[in-house]
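Each remark here refers to the structure printed beneath this line.
What follows draws every value from the coordinates through simple rules; no lab data is involved. It should be emphasised that the depicted structure is a prediction, and the values quoted were computed from it without experimental measurement. Methodologically, a virtual Cβ is constructed for each residue, glycine included, from the backbone with ideal geometry; neighbour enumeration extends over all protein chains shown.
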Amino acid sequence: MKKFKALLLVAFMALNAFALSEGKEYEVLKTPIANEQNSVIEVFSFSCIACYTHHKFNTLAKIKEKLPNLNTKLYPVKGGQFSEEFAQLYAYALAKDTTNKKNILAHDSLTHKLSDAYYTALFERKQNYANSASFSELGLKTLGISKAELERFLASAEGQKVYNEFDKSYGALSQYGGTPTFIVGGKYIIKMAEIKGLDELIKVVDELIKQK
């Protein structure tokens with residue numbers, strides 16, 4: 001009987017070894033994002049060094065590898081110098097990747113190439129941009145399109161839909177106060193400062209997805 005009770009105690013401890021606490025590993029999103037119950041969204045900025053670290057490590061891809069049924073998304077911010085220009089370029093890249101059924105987490109996707117080009121320019125080459133045109137030049141070259149092509153895309157119904165999709169993350173970004181912001185299930189924001197590594201991050205995501 002004692003042995004049986006001991007086994008029950010071990011089982012109970014194992015089940016509760018990774019109990020999450022609101023306010024510690026996560027916070028509840030004040031304005032939930034509809035239809036994102038099975039997703040992880042990373043809100044990022046091309047000028048954020050922590051975002052660059054996650055880009056190089058391909059954090060979302062590693063989460064997807066362990067939790068393959070999750071939908072993974074990357075949304076660029078629109079606030080900040082040249083952020084709107086980057087978001088427009090990213091919307092084009094995302095639309096093309098979607099049309100071509102290309103995984104946006106793959107290194108050969110247009111979205112990954114675009115982010116990589118700007119991260120490298122900013123953090124490796126210390127590139128500065130005098131104006132919107134000089135900033136956009138790198139993105140247009142990376143995507144292999146002209147400014148006119150980008151403008152036509154942004155004026156289209158498809159372009160507006162993709163570009164406006166990024167606004168869904170505004171509430172979470174405002175609440176969290178910085179990038180990267182990881183949104184789980186459209187309801188929870190992970191407090192990344194409390195996460196001690198990839199394994200813990202994956203566990204937190206997994207547990208939050210299970211929460212109602």
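Each DSSP beta bridge with both residues in the chain is either parallel or antiparallel, and the antiparallel ones are about 55%. Residue-wise HN-Hα couplings along segment 192-200, as the Karplus relation 6.51 cos²θ - 1.76 cosθ + 1.60 with θ = phi - 60° gives them from phi, are 4, 5, 8, 8, 9, x, 4, 4, 5 Hz; Gly and Pro carry x. Within straight-line reach of K64, meaning a Cα separation under 16 Å, sit the following aspartates and glutamates at least 8 residues removed in sequence or on another chain: E36, E42, D199, E200, D206, E207. Under the criterion of Cα pairs below 8 Å and six or more residues apart, the relative contact order for the chain equals 35 percent.
Packing around the peptides 200-207, 22-29, taken as the average count of other Cβ atoms within 10 Å per residue, puts them in this order, highest first: 200-207, 22-29. Label-to-label distance, A34 versus K62, with points set 7 angstrom from Cα along the beta-carbon direction: 3.6 nm.
Approximating the spin labels as points 7 Å out from Cα along Cα→Cβ, the T99-to-K191 distance works out to 4.4 nm. The slack in the chain from Q81 to A133, taken as 0.36 nm per residue of separation less the alpha-carbon distance, amounts to 17.5 nm. Report the residues of segment 185-212 in range of a label on F123: point 7 Å along Cα→C-beta, backbone N strictly under 17 Å from it. Within reach of a label on F123: 192-193, 197-198.
Quick one: of K96/K196; K126/K203; K102/K203; K24/K96; K62/K187; K66/K126, which pairs are farther than 32 Å apart, Cα to Cα? From the list (K96/K196; K126/K203; K102/K203; K24/K96; K62/K187; K66/K126), the Cα-Cα distance tops 32 Å for K96/K196; K126/K203; K24/K96; K66/K126.
Both radii were evaluated on the Cα set of segment 21-210; the Rg over Rh quotient, with Rh as the Kirkwood radius, amounts to 0.96.
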